[in-house]
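Okay, structure first, notes after.
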Amino acid sequence: MSSGNTQSSAPPDDLVDLSRFALEAMGEGVAVFDADLRLTICNQSYIDMFPRIKSVIVEGVHWDDILRAAVENGEIVDPFNDVDALINRAYGHRSNTGNETVAEHFDGRTYRLQFKPTPSGGCVAIRREIKEQPPEKIMLRDRETLVATVLDTSPVAIVMARLDDGRILYRSQEARMLFGDTVNAREHYTSKEARDGYVRALKKKGTVTGYRLTSVRADGTTFESESAGRIVEYIGQTCVVTAVTDLTEQMEREALTRHVVESCPTPIQMTNAETGETLFSSPKATELFGNPVSSKSMYVSLDDRNRQVNELREKGVMHDFRAEFYDRHGRKFWGLVAAQLIQYAGDEVIVSHTYDLTEQLNVEAELSGQRDLLFQNEKMSALGELLAGVAHELNNPLSIVVGHSLMLREDTNDPDITRQIEKISLAAERCAKIVKTFLTMARQQPTKTEEVNINDIVRTAVDVARYGDLGDEVTIECDLTDSLPPCRADSDQITQVVLNLILNAEHAIKDSGTGDSIILKTKTDDAAGKIWIEIEDNGPGIPESNQSRIFEPFYTTKDVGDGTGIGLTLSHRIIRSHDGQIELDKTFTSGTRFQITLPSHTSSNANSLKRTKETPGSDEKARILIVDDEVDVADLNAEILTRDGFQVDVVNSAQDGVTMLRDSSYQVVLSDLNMPEMDGRGFFDTVKEEFPHLTGCIGFVTGDTMGKASQTFLKEANCPYLEKPASPKELRAFVAEIQKRSEGAG
């Protein structure tokens, strides 16, 4: 080296001096390296080309160390800022002897480099400064600088490594932060096989995108990554340039999204719009539909799915699409679908949420039934008020007609007069039955209840019907379950309901000429505590348009004069008053079937006395006080009882009744309920206060037993009552019952 730095070991001194002189005389920078790439000699020009690292360039220094010091001290401008990559590139240039390369320094100078081999296996490095650079070289340098700047500021980790051995030639700043200062790209993979698989994919197509694998960070932890790579040629070497994306945050977001979707309490699905293939099902969707391969198998009708797809393709979204589906058990149900059509992996995909409408439809049906029942009850209530008013006005005059006609029949033996009285009596009794029917429809409770056998009631109704004009056209059969539990009911009213349904079936069969059979069945539901009665016929049935109105008052499909329209209404009211139900079985299509349910083992809510047809009276005739504002009714009842040997006093106001009780002693008191000024309730309260011993001797003869106030009073007072109009026989039995009750209390 010049200035005492140029050295040689073997040649003579003159030759060494000559060699040194020759080197120093050269304008280029020259350095000679031995076979181990260690510096043996160089000229001053070579040293001057590295002003920042002159102290490093000494005999014996390794070529790698000169390059490393030049890069680290900013002597040489490396667009990639990667010492190892620079050394690798330099090795490539050195091995290509005779070829030239260019090196840029920090001060803007550019040198052309050329390597010459020596006989001993070393090389001579020759550096010449380029004074004026061609425009294309300047452009290339600027472009390389720009590329290096872009890559180093990119948030994507970029690594360039040799294809064969994986040695890294370049890494971006993001790659250095992610993988550290690794030497070989294989260190970025969990195994050699993992990188080999990635390389095979690259060799197959020359490029890959979206290649997922597990990578290793600088601290040794692993993470899921996605790589995009390409095979390129660089300075005579086949390399792999790979852009690595850390998927940790993305996968955490995806995991959170999946967790939210899977935890969603609604059935969510993703299906291919064209093929129906199921791409995703949330746990709730699997719970509802099972695991169908295709959504097409979920629809009861494929037309519904085709309609859904067409609507989505037209509008892109839907919110209230109704269709019938199969659940995972193969059962049909109605569902409400909200869906959107999206593009996913190049296909049309339907993202949908299906809501099971089963419970909602059941609730709607129940509410509809309750609305119908409420509407029916409102109509019955209005009808009840009307009928109660009519009945109340008719009760008193009918009592007089019925009473006097029966008394006249008892008084005469003349056949002609008896026949006329019978006509009057029958007409009056018919009117009385109509009034009682009206009251029954208006009343909220049965007139009397007792423990009855439903099978006996059905047999009675059938026997009565068979005595009618059935002929040979219609047969009545019974299929009754033995050992039915007892039921507390008004046997007359229930018999009336069953008989009415039998007669309706008979008329429908005869009028239409369709059918010939009526079947009555009974059964029990012990778990529900109910008794069932079914009346079924094979007649023409009830048209669907009429089914919702059959229990409406005065609604009938019969010809004028053939039906009143109150038979089914009355039946409905009677069964409801027994806390039961009467319904038309709309699923029965082979005729008509009515179903009646009654509670078993129930107690009566009525307060009327259980009375036999005739109860013998006491031998001693009681003294009776009759309190009634209707003079004719009071006189009639007094005459009936007087004829039977009773001593009877009559007053036409409750105040006069109290006065009579203060002045005289009575064993039986008969009072009306509705009276002016002081009514029956006030009269009873006064008696209870002033004459408590007489509270068990009071009975009410009234036409107002259907009002809630009257029912409440009779229940609380625990008093017997008799409905107007009453026959002499019923009145006598009623008085005998009160007399017996008062004697028992005494």
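Among 544-551, 629-636, the peptide with the highest mean count of other Cβ atoms within 10 Å heads the list, and the full ranking is 629-636, 544-551.
On the basis of the beta-carbon distance and an R0 of 45 Å, Ser301 and Arg212 show a calculated FRET efficiency of 0.65.
Of the peptides 535-542, 289-296, 667-674, how do they stack up when ordered by the mean number of other Cβ atoms within 10 Å, highest first?
Sorting 535-542, 289-296, 667-674 by mean packing, highest first, produces 667-674, 535-542, 289-296.
Looking only at the range 525-539, which residues have a backbone nitrogen under 20 Å from a spot 7 Å from the Cα of Ser483 in the C-beta direction? Zone members listed by number: 525-533.
Per residue, the average separation of C-alpha pairs within less than 8 Å and at least 6 apart gives the range 452-553 a relative contact order of 29 percent. For chymotrypsin sites (Phe, Trp or Tyr not before Pro), no site in the range 308-376 is both called loop by DSSP and has at most 11 other Cβ atoms within 10 Å.
The alpha carbon centroids of the range 170-192 and the range 654-718 are separated by 108 Å.
Kindly sort Met298, Met678 by accessible area of their heavy atoms, largest first, with the probe set to 1.4 Å. Please report the intermediate quantities before stating the final value.
On the way: Met298 10, Met678 50 Å².
Descending accessible area places them as Met678, Met298.
Grab the alpha carbons of the range 662-742, take their convex hull, and tell me the volume per residue in Å³.
Spelled out: Cα convex hull of the range 662-742, divided by residues, is 100 Å³.
Give me the percent relative contact order of the range 208-351, please, defined on Cα pairs under 8 angstrom at least 6 residues apart. Averaging sequence separation for qualifying contacts and normalising by length gives 15 percent for the range 208-351.
The values are calculated or read from the model by the stated rules, or taken from the named source; none is laboratory data. Please read all numbers here as calculations on a predicted model, not as lab measurements. Here Cβ is always computed from backbone atoms with ideal geometry, including for glycine, and neighbour counts include all displayed protein chains. Please note that ligands, DNA and RNA were not included when accessible areas were found on the heavy atoms of the full protein model with its side chains. Shrake-Rupley method; radii C 1.70, N 1.55, O 1.52, S 1.80 Å.
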